[in-house]
Amino acid sequence: MEKHTSQHRKGGHAPTQADAQRVTVFQVMSREVICLKPEASVESLRATLVENGISGAPVVDDGGKVVGIVSITDVVRDQHERGETMEESEEVRLQSKGGVTYSPGPGFRVIDAGATVADVMSRKVITIRENTSLAQASEMMARSHVHRLPVVSEAGKVVGLVSSLDILGWVAGLS
Amino acid sequence: MRRIRDVLDGKTLKQLITIEPTASLGEAARLMSVWNVGALLAIDDGKLVGLMGEREIVRALAAGASASMTRVEDVMVRDVRAVGADSTPEECMVLMTQQRLRHVPVIEGDAVLGIISLGDLVKDVVNEQAYTIEQLERYISRAANA
């Protein structure tokens, strides 16, 4: 009887579920990771996401250590809450130099120039190590409803990023 | 007033990327990878029967499913929220935020016009703001020259 083993059969690869448990994130992660600083503005965050075609990024301190994570859903939620969309924004009262107060009409959108990445990011970050398996990484993403996991060194510094798209790419290459 | 159909018009990808419900997860993943999309429309006999996203692939892998043995219909989202082509980007953003959706099909009558993603909406806001600023700058320099 012919023996079929995934490693030794020429010209093909019969994938098994065990592959996801054997392959580590090191093999699929991105090594060039766009990170943001906590003091960056939400506007620059939005522009960074759009310009780079990404949907989220780790937030790091000056030492490169992960302090938070931010995603496109945080941007949209913030946009909606601050009334940057054309829907009714919060009742705002403005005061002129002469002491006259007035409420801006619906044509005015108050954009809080002070909003930073620190204001919208999630401080609860799930990070993984290079030797985490794809199966484990998928489980963590599914359980925590996240789409990216920063890969960190022992010192907590970002060394890579695994996103659901990377896992998708791996599955695509399988069968 | 900007509508979702306007946002769709602004997308580079004009085609509808679809998949049969009986296709494997591996095929779905390949299609998504090749077209660089995060979700596929599952179409059966010309009808939209489900939405297949990267989320579903990750969940399936987490549950120990085999990419070649599992079919799209085993994991796709069947209760699909769609928006009408005349809805506004803001309405769409509210829906996506409240329902935790990242991709939403755009419908007009019986036809599916395309898929709008959260990324498309954010990109649209950034572009619209840039356009507004550009118009304002032109207005300001014109006024100064008057």
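Amide H of B:Leu113 versus every other amide H placed in the peptide plane: which residues, excluding those fewer than 5 positions away on the same chain, fall under 5 Å?
The answer is B:Val106, B:Ile107, B:Glu108.
From other protein chains only, count the Cβ atoms within 10 Å of every residue's Cβ in B:52-60, then give the mean.
Working: counts 0, 2, 10, 6, 1, 8, 15, 6, 3.
If you average over the peptide's residues, the count of other-chain Cβ atoms is 6.
Using a Gaussian network for chain B with springs between C-alpha atoms less than 10 Å apart, which of these wobbles most: B:Ala65, B:Ala29, B:Ala130?
Between B:Ala65, B:Ala29, B:Ala130, it is B:Ala130 that shows the largest mean-square fluctuation.
In terms of solvent-accessible area of protein heavy atoms at a 1.4 angstrom probe, what is the ranking of B:Glu56, B:Glu128, highest value first?
Details: B:Glu56 20, B:Glu128 65 Å².
Order by accessible area, largest first: B:Glu128, B:Glu56.
Can you list the trypsin sites (Lys or Arg not before Pro) in region A:18-53 that are in a DSSP coil and have 16 or fewer other beta carbons within 10 angstrom?
Sites meeting the loop and neighbour criteria: A:Arg31.
What does the accessible area of B:Trp35 come to, in Å² to the nearest 10, when a probe of 1.4 Å is used?
100 Å²
Between beta-carbons, use under 9 Å as the cut-off and find the net charge around A:Ser55, counting Lys and Arg +1, Asp and Glu -1.
On the way: positive: A:Arg148, B:Arg102; negative: none.
Every neighbour counted, the sum reads +2.
With an 8 Å Cα cut-off and a minimum separation of 6 or more residues, compute the relative contact order for region B:1-66 in percent. Mind showing how you got there, number by number?
Values: 49 pairs, mean separation 16.5, N = 66.
It comes to 25 percent, rounded to a whole number.
Considering only Cα-Cα distances, which of the following residue pairs are longer than 32 Å: A:Lys124/B:Lys47; A:Lys37/B:Lys123; A:Lys65/B:Lys11? Working shown, then result.
Numbers: A:Lys124/B:Lys47 41 Å; A:Lys37/B:Lys123 21 Å; A:Lys65/B:Lys11 36 Å.
Cα-Cα > 32 Å for A:Lys124/B:Lys47; A:Lys65/B:Lys11; rest within.
If you count, for every residue in B:22-33, the Cβ atoms of partner chains within 10 Å of its Cβ, what is the mean?
Working: counts 0, 0, 2, 5, 6, 2, 3, 9, 7, 1, 5, 7.
Mean shielding count: 4.
Label-point separation (nm) for A:Ala47 and A:His145, each offset 7 Å from Cα along Cα-to-Cβ?
Going from the A:Ala47 label point to the A:His145 one covers 3.2 nm.
If I take every Cα pair under 8 Å that is 6 or more residues apart in chain B, average their sequence separation and divide by the length, what percent do I get for the relative contact order?
Values: 179 pairs, mean separation 35.8, N = 146.
So the answer I get is 25 percent.
Measuring from centroid to centroid over Cα atoms, what is the spacing of region B:68-84 and region B:20-37 in Å?
12 Å
Tell me, in nm to one decimal, what length is gained between B:Ile133 and B:Ala82 on full extension, where the rule is 0.36 nm per residue of separation less the Cα-Cα distance? Please list the in-between numbers first.
On the way: separation 51, 0.36 × 51 = 18.36 nm, distance 3.18 nm.
Additional length available on full extension: 15.2 nm.
Going by accessible area, probe 1.4 Å, with all protein chains left in place, what is the ranking of B:Leu48, B:Leu118, largest first? Kindly include the intermediate steps, with their values, before the conclusion.
Numbers: B:Leu48 60, B:Leu118 5 Å².
Per-residue accessible area, sorted high to low, gives B:Leu48, B:Leu118.
If you plug each phi of region A:31-40 into the Karplus form 6.51 cos²θ - 1.76 cosθ + 1.60 with θ = phi - 60°, what whole-Hz ³J(HN,Hα) values come out, in order, with x for Gly and Pro?
Per-residue couplings from phi come out as 9, 9, 9, 7, 10, 10, 8, x, 7, 5 Hz.
Which one of B:Leu61, B:Leu41, B:Leu113 has the biggest mean-square fluctuation once chain B is modelled by GNM with Cα springs under 10 Å?
Greatest mean-square fluctuation among the candidates belongs to B:Leu61.
Which is the longest part of chain B that has none of the trypsin sites (Lys or Arg not before Pro) sitting in a DSSP loop with at most 15 other Cβ atoms within 10 Å?
Longest stretch, sites excluded: B:15-77.
The values are calculated or read from the model by the stated rules, or taken from the named source; none is laboratory data. These numbers come from a predicted model, not from an experiment. Methodologically, a virtual Cβ is constructed for each residue, glycine included, from the backbone with ideal geometry; neighbour enumeration extends over all protein chains shown. Side chains are part of the model used for accessible areas, which takes the heavy atoms of the whole protein and leaves out ligands, DNA and RNA. Shrake-Rupley method; radii C 1.70, N 1.55, O 1.52, S 1.80 Å.
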